[in-house]
Amino acid sequence: MRFVGLLLLLLLGGKVEDAVVRGERAWRNGDYATALTEWGQGLEEARASGDRAAQLDLLLRLGAVNRQLGRLGTAEKTIELAETLATTETEKARILVDRALVGMARGDARKAEGELAKAFQTFQKEGDVAGAATAAMNLGVARFSLGKNAEARKAFEGAGKLFDALTDPGGQASVDVQLARLDRRAGDLKGALDRVEEAVGGALLAQDLATVTEAQLLRGTLLRELGRNEAARASYQAGLDGAKKRKDVVTQARLYNALGGLLHAAGDGRARENYLAAEEGFLAVGDESAALAVAVNAAMLDGTDAAEMRRLLDRAVKVGDPRLEATLALNLAAEGDSSALGRAGKLVAELGLGELVWRHRYLSGKAALEAGKTKEGVKLLKEAVDELERRRRSLDDADAQPFVTRHEDVYEALIDALLHSGDSAGAFVYAQRLQLQDTAPVSDPRLDGLAAEEAYLSDSIAAARDDEQRAVLTERLSALRVEFANTVDTLRSTYADFDRVVRMDPEDLEAIQAELPKGVTVLQPLLFEDRIALLVFSRDRLEAKQIEVDGEEVQKTILRLSRSLQAAHTRDLAWTQKQAEALGGWFIDPVWDALQGSDTLVVSATGPLRELPFAMVRHDGKYLIEHMAVVGVTHVGSLASKHAPFAMAPDRVLLVGNPDGTLPGAETEIARIRARIPAASALVGTEGTREAFEREVRGKRVVHLATHGVIDRDHPSDSYLVLHGDGESGRLSYKEIPGLAPVLSDCRLVILSACQSGLAVDAKHPTDPEGGIVVSINGLAAQFRRAGVETLVASLWRVDDAGTLALMTGLYDELASGGDIGRSLQRAQLRLLADDATAHPWYWAAFVVVGDWR
């Protein structure tokens, strides 16, 4: 909080002036109790002396402290008293700012935006630069809450310029913190981190310790999202140390909670002591809802204990926090407590909060299925999925990344129910919708803004202190959802492919079927605990086959084969073929009749099946690649691509090789390819810097990267492709790749001739005996898909230089002769298979095509 206007120190009498200074010092240190005491005493002195301006100033200060402590009614009363004293336009604008901030705390960001814009204009007109700066910054906060990202950035940047004009490094630091939050929302975690570092420096220069601590809290969050957990912990600890020195109990509690969450995720037993400290801190300032939320986190450390959940549920009732009451009731319902499910249903209906709605529908759907009410169960599970997908839009990019890992059980329950009911098409549609959630959502400023406002209103409803306020916010949330639905309808009428990209419905499947080329068959394999479901469709058929198997045994077979190929432990061709035969028996043999006449098989795989190169599974004594081309898609909606067939444009090819000097084979690879495509651009060795790559890649249709792909399974976001340079300047990181969309806008094909570039890196599979296999889609290649690249060729394991050289030169020979991407890779692989020296799948099966192969 930065106070608007002058401190009036030169205008105030001695005792009043002293009280203002002491209160200001306490405020900046987070000692709100002392600030209230000092400014309260100062107000009495100002009243005694009849100093109107001082009374107004102190009333607004007292209102700010009460607002910070969540005492919104008290804050409003002090603002009303101040309003009776305001005479100048500047004073009225100050009151308008404070009124807007209370409104935001109550959940009315739309009204606050208008009030802050009006106050900003008044300050500008009156020449009050400090007032204009503070109003602009708070205007940015309101717009951020409403999801108006571009407008929020404009307001923050305007505030920054005004603080610069005032030579106010503390004000600029506060702006940098807000801009970092915007960068985080946009998925630019590295940019956000750089900005937070600047904020820390500016706040230290201004001795604004409150902003320093706030920046360190955000810095810790960013580092955690980047997978740098030790650095995140250090940042949280530094913030905590500062908050302790300042006696800022609220910020201490927030930091203890953040540390608890970090340690909880790492399985560190010290999470409990941090959660307890956070709970004590929130209780000390009277925030019982926040304390209870932390207590719930602490209770989950040992799993869901029904007795503890009931105790916390009683506590939620006493506190009067319906969101936590509903959450705890749902926790009990998940353990089979049907009465808790009914209780949660009533609360969810009253609140209408998205994160509770989907979970209640999910649990209710499962209960209905268990009771034999299939139709009702399917309906409820569909509603759960719809709510989840709508809610995903309100998430920042960083929070949306693990969406599938967290919620795939909801989709799987629905798919399972549809299969049991005989609805193969429905099962296929929802399997595809699950995969769509793992790719970047379509961004539209209108929907993004409405979704962000919905999240803001949901949080405000949860924080509401009384039933009347909650009712007003709930009514506003309902109106917002109507507006969201109307906006979706508008987009549907404007963009023909909107539904197909955002989600998938049965009619979309029918349209894609009709557009499939002759000879192309799509396979969607689904792995359950007790069976495999194989969904197959082509232009003229759609069918499902279910095979009873031990799902764990299938996963172990994939794991054994995948580990063998990734580590190159074995060249035992007979053993490898035996595993491939078993996999073919599960995934190909049951649908072989449906594959007759196909020259291309498109596999839309999920989970651990993404690590299986289907080209090497065997049928009838041959590898599948000997029967047909095999390609992968992240979702079937991409089959409706309106791109023209791929054609090589020699002068629009960029080749990057051996940027760190450790891969001489990569230089040979680039030289051989360039001999076939002389017009191609090349960055070899030290030429392959980040700066040069971003410059040369613009306008290119094909990008070939022959370099190291470094996969960090423990900290996925630390995975990267190697370029030339020291430290981060020599890396193209996992988190940064989607941000390359502007320079990759013309790119149709990226070939990652890099170790493990197609390997998933996010979620460890629970059935892996050693806890190492990863099952999510989120590999380095998938990040290029998020950057808008239609087609990728990437590897699933460490590749042999000689084999890669032969495969890549063969691939470019085929592409240059006019072949499509899928069949070009097939023919290049068959060349290696025909040579006894490279016939083992380890040499040729590592590389896979993902995306539009045509």
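The values are calculated or read from the model by the stated rules, or taken from the named source; none is laboratory data. All of these numbers come straight from a predicted model, not from anything done at the bench. Cβ: placed from backbone, ideal geometry, glycine included. Neighbour counts: every protein chain shown. Note: areas computed on protein heavy atoms with side chains; ligands, DNA, RNA excluded. Shrake-Rupley method; radii C 1.70, N 1.55, O 1.52, S 1.80 Å.
Structure summary
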{"quantity": "Test set (1) closer than 20 Å to Glu198 by Cα; (2) open to solvent by 50 Å² or more (accessible area, probe 1.4 Å) - Gly140 fails condition number", "calculated": "(2)"}
{"quantity": "Flag if Gln41 is surrounded by fewer than 21 Cβ atoms within 10 Å (Cβ to Cβ), over 26 Å from Gln124 (Cβ atoms) and over 33 Å from the mean Cα position of the chain (by Cα)", "calculated": "yes"}
{"quantity": "All positions within the range 638-660 that are over 30 Å from Gly585 (Cβ atoms) and in contact with a helix residue (DSSP H, G or I) (Cβ under 6 Å, 6 or more places away or on another chain)", "calculated": "Ala640, Phe646, Met648, Leu654, Leu655, Gly657, Asn658"}
{"quantity": "Failed item in (1) surrounded by fewer than 24 Cβ atoms within 10 Å (Cβ to Cβ); (2) under 28 Å from Pro517 (Cβ atoms), with His840 passing the rest", "calculated": "(2)"}
{"quantity": "Residue tally, condition closer than 24 Å to Ala802 by Cα and surrounded by 18 or more Cβ atoms within 10 Å (Cβ to Cβ), over the range 686-706", "calculated": "6"}
{"quantity": "Residue list for the range 263-273, filter: open to solvent by less than 20 Å² (accessible area, probe 1.4 Å) and out of contact with any Lys or Arg (no Cβ under 6 Å at 6 or more places or on another chain)", "calculated": "Ala271"}
{"quantity": "Enumeration of residues in the range 365-386 that are out of contact with any Gly (no Cβ under 7 Å at 6 or more places or on another chain) and among the small types (Gly, Ala, Ser)", "calculated": "Ala367, Ala371, Gly372"}
{"quantity": "The range 295-323, residues that are part of a helix (DSSP H, G or I) and touching a residue at least 40 places away in the same chain (Cβ under 8 Å)", "calculated": "Asn297, Pro322, Arg323"}
{"quantity": "Filter result for the condition that a residue is under 24 Å from Gln172 (Cα atoms) and of a type outside the set (Val, Ile, Thr), over Glu230, Glu197", "calculated": "Glu197"}
{"quantity": "Any hit, the range 796-806, residues being of a type in the set (A, V, I, L, M, F, W, C), under 24 Å from Ala647 (Cα atoms) and touching a helix residue (DSSP H, G or I) at 6+ places or on another chain (Cβ under 7 Å)", "calculated": "yes"}
{"quantity": "Among (1) in contact with an Asp or Glu (Cβ under 9 Å, 6 or more places away or on another chain); (2) at pLDDT below 85; (3) surrounded by fewer than 22 Cβ atoms within 10 Å (Cβ to Cβ), the one test that Leu395 misses", "calculated": "(1)"}
{"quantity": "Within the range 651-732, strands (runs of 3 or more DSSP E) holding 2 or more residues that are within 26 Å of the chain's Cα centre (by Cα) and not aromatic (Phe, Trp, Tyr)", "calculated": "720-722"}
{"quantity": "Selection count where residues are under 23 Å from Gln68 (Cβ atoms), of a type in the set (Asp, Glu) and assigned to a helix (DSSP H, G or I), scope the range 247-290", "calculated": "3"}
{"quantity": "Some residue of the range 47-67 being touching a helix residue (DSSP H, G or I) at 6+ places or on another chain (Cβ under 6 Å), touching a residue at least 12 places away in the same chain (Cβ under 8 Å) and not in a helix (DSSP H, G or I)", "calculated": "no"}
{"quantity": "Checking Asp194 against (1) within 29 Å of Arg786 (Cα to Cα); (2) at pLDDT below 85; (3) open to solvent by 40 Å² or more (accessible area, probe 1.4 Å), the condition it does not meet", "calculated": "(2)"}
{"quantity": "Some residue of the range 239-252 being free of Cβ contacts under 8 Å to residues at least 12 places away in the same chain and open to solvent by 30 Å² or more (accessible area, probe 1.4 Å)", "calculated": "yes"}
{"quantity": "Candidates Lys111, Lys92 - the one that is over 21 Å from Trp39 (Cα atoms) and in contact with a helix residue (DSSP H, G or I) (Cβ under 9 Å, 6 or more places away or on another chain)", "calculated": "Lys111"}
{"quantity": "Check on Glu230, acidic (Asp, Glu), out of contact with any Asp or Glu (no Cβ under 7 Å at 6 or more places or on another chain) and buried (at least 20 other Cβ atoms within 10 Å of the Cβ)", "calculated": "no"}
{"quantity": "Out of Lys118, Lys111, sole residue that is more than 30 Å from the chain's Cα centre (by Cα) and either over 21 Å from Glu44 (Cα atoms) or of a type in the set (Lys, Arg) (or both)", "calculated": "Lys118"}
{"quantity": "Filter pass, Arg785 being surrounded by fewer than 21 Cβ atoms within 10 Å (Cβ to Cβ) and in contact with a strand residue (DSSP E or B) (Cβ under 9 Å, 6 or more places away or on another chain)", "calculated": "no"}
{"quantity": "Odd one out for Leu209, checked against (1) closer than 21 Å to Lys245 by Cα; (2) open to solvent by less than 60 Å² (accessible area, probe 1.4 Å)", "calculated": "(2)"}
{"quantity": "Where Leu189 falls short, out of the listed (1) under 26 Å from Ala64 (Cβ atoms); (2) open to solvent by less than 10 Å² (accessible area, probe 1.4 Å)", "calculated": "(1)"}
{"quantity": "Scope the range 10-31; condition modelled with pLDDT under 50 and either over 18 Å from Val129 (Cβ atoms) or surrounded by 18 or more Cβ atoms within 10 Å (Cβ to Cβ) (or both); matching residues", "calculated": "Leu11, Leu12"}
{"quantity": "So Ser339, is it without any contact (Cβ under 8 Å) to a residue 12 or more places away in the chain, open to solvent by 20 Å² or more (accessible area, probe 1.4 Å) and either out of contact with any helix residue (DSSP H, G or I) (no Cβ under 8 Å at 6 or more places or on another chain) or not aliphatic (A, V, I, L, M) (or both)", "calculated": "yes"}
{"quantity": "Among residues of the range 516-544, those that are crowded, with 16+ Cβ neighbours inside 10 Å and assigned to a strand (DSSP E or B), counted", "calculated": "18"}
